[in-house]
Structures are given as structure tokens and as C-alpha cells.
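First comes the structure, then the notes that go with it.
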Amino acid sequence: MIRVYPASKVKHAQKWIDLQESESYLFFHARWLKASKKESDFDNGAFSELWRMCQEDVQSADVVLVYAEEGDHLKGAFVEAGMALALDKKVLAVGCQGTWVHHKNVRRFDTLEQALEDIRNDNWMSSEL
């Protein structure tokens with residue numbers, strides 16, 4: 001089973017939960033998925049604890065999947081991507097732009113289906129992205 005850390009807007013949490021149920025080879029390893037349905041549910045203390053958990057989850061993931069749909073303005077997902085890159089982990093970026101996507105450990109995709117196919121085929125494990 002491949003441990004995937006999904007870095008996305010909180011509104012996409014159910015997508016990762018549903019995919020985990022339908023794709024037996026994936027385990028979406030992120031405690032934030034069950035923490036809340038919206039960011040406004042957290043106070044400062046809760047955010048501090050949440051970030052600690054996110055860092056641990058990124059550290060124990062096999063790959064980090066950064067996901068954005070049109071109109072999404074990622075914030076925390078970029079921090080999680082940075083954590084992954086600092087740990088020399090592979091990052092799959094869907095719908096993402098910016099100079100960071102040219103990092104040697106980042107592979108870009110236009111669709112989530114393409115990224116999942118890459119994981120399914122074990123292409124993400126290659127040292128050459």
C-alpha cells in the first residue's frame with residue numbers, strides 16, 4: 001500500500017476519503033482529513049496542533065500529492081509541499097503553477113487521474129522524475 005499525503009483545500013477532504021475506499025493500493029495518510037470540514041472551525045491552538053500532525057504525516061508518507069482545482073488558492077498545501085521537498089520526498093502536483101513545480105522532486109499533472117495512474121504504475125518511485 002502506498003502512503004499518499006494529500007495537500008489540498010479542506011473542501012476536498014471527502015475526495016481523498018472516497019478515493020481511499022475505491023483504490024485499494026492507496027492509503028491517504030493525513031489526519032487533517034477528519035479534523036474538520038472548514039478552516040474556520042480551528043482556533044490558534046488547534047492550528048498549532050494540526051500543523052504538528054501534518055508535519056508528522058508528511059514525514060511518514062511515501063509521496064505527497066498537491067492538488068488544486070480551478071479557483072483554489074492554496075496556502076497550507078504549499079507549506080506541506082515544502083516540507084516534503086525538504087525531506088527529499090517525491091511531490092506530485094495537480095493543477096499547480098509556480099517556480100516550485102520545477103524542483104527535481106516534483107512531477108506535474110493536468111488531472112488527478114494522471115497523477116493516480118503515475119502512482120499506480122510506480123512511476124513516482126523512480127529517482128528520475
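Each value in this text was obtained by applying a stated rule to the coordinates, not by laboratory testing. Predicted, not measured: the structure shown is a model, and the values here were computed from it. Methodologically, a virtual Cβ is constructed for each residue, glycine included, from the backbone with ideal geometry; neighbour enumeration extends over all protein chains shown.
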| query | Which of the trypsin sites (Lys or Arg not before Pro) found in region 50-106 are loop residues per DSSP with 13 or fewer other Cβ atoms within 10 Å of their Cβ? | reply | LYS75, LYS104
| query | Magnitude of the Cβ-charge dipole of the chain, K/R +1 and D/E -1, about the Cα centre, nearest 20 debye? | reply | 240
| query | How high is the FRET efficiency from ASP122 to ALA86, r the C-beta distance, R0 30 Å, rounded to 0.05? | reply | 0.80
| request: Go through region 49-129 and name the GluC sites (Glu not before Pro) that are in a DSSP coil and have 13 or fewer other Cβ atoms within 10 Å of their Cβ. | output: GLU69, GLU70, GLU128
| Near-label residues of region 58-85 by backbone N, under 14 Å of a point 7 Å along Cα→Cβ of PHE27 | 58-63
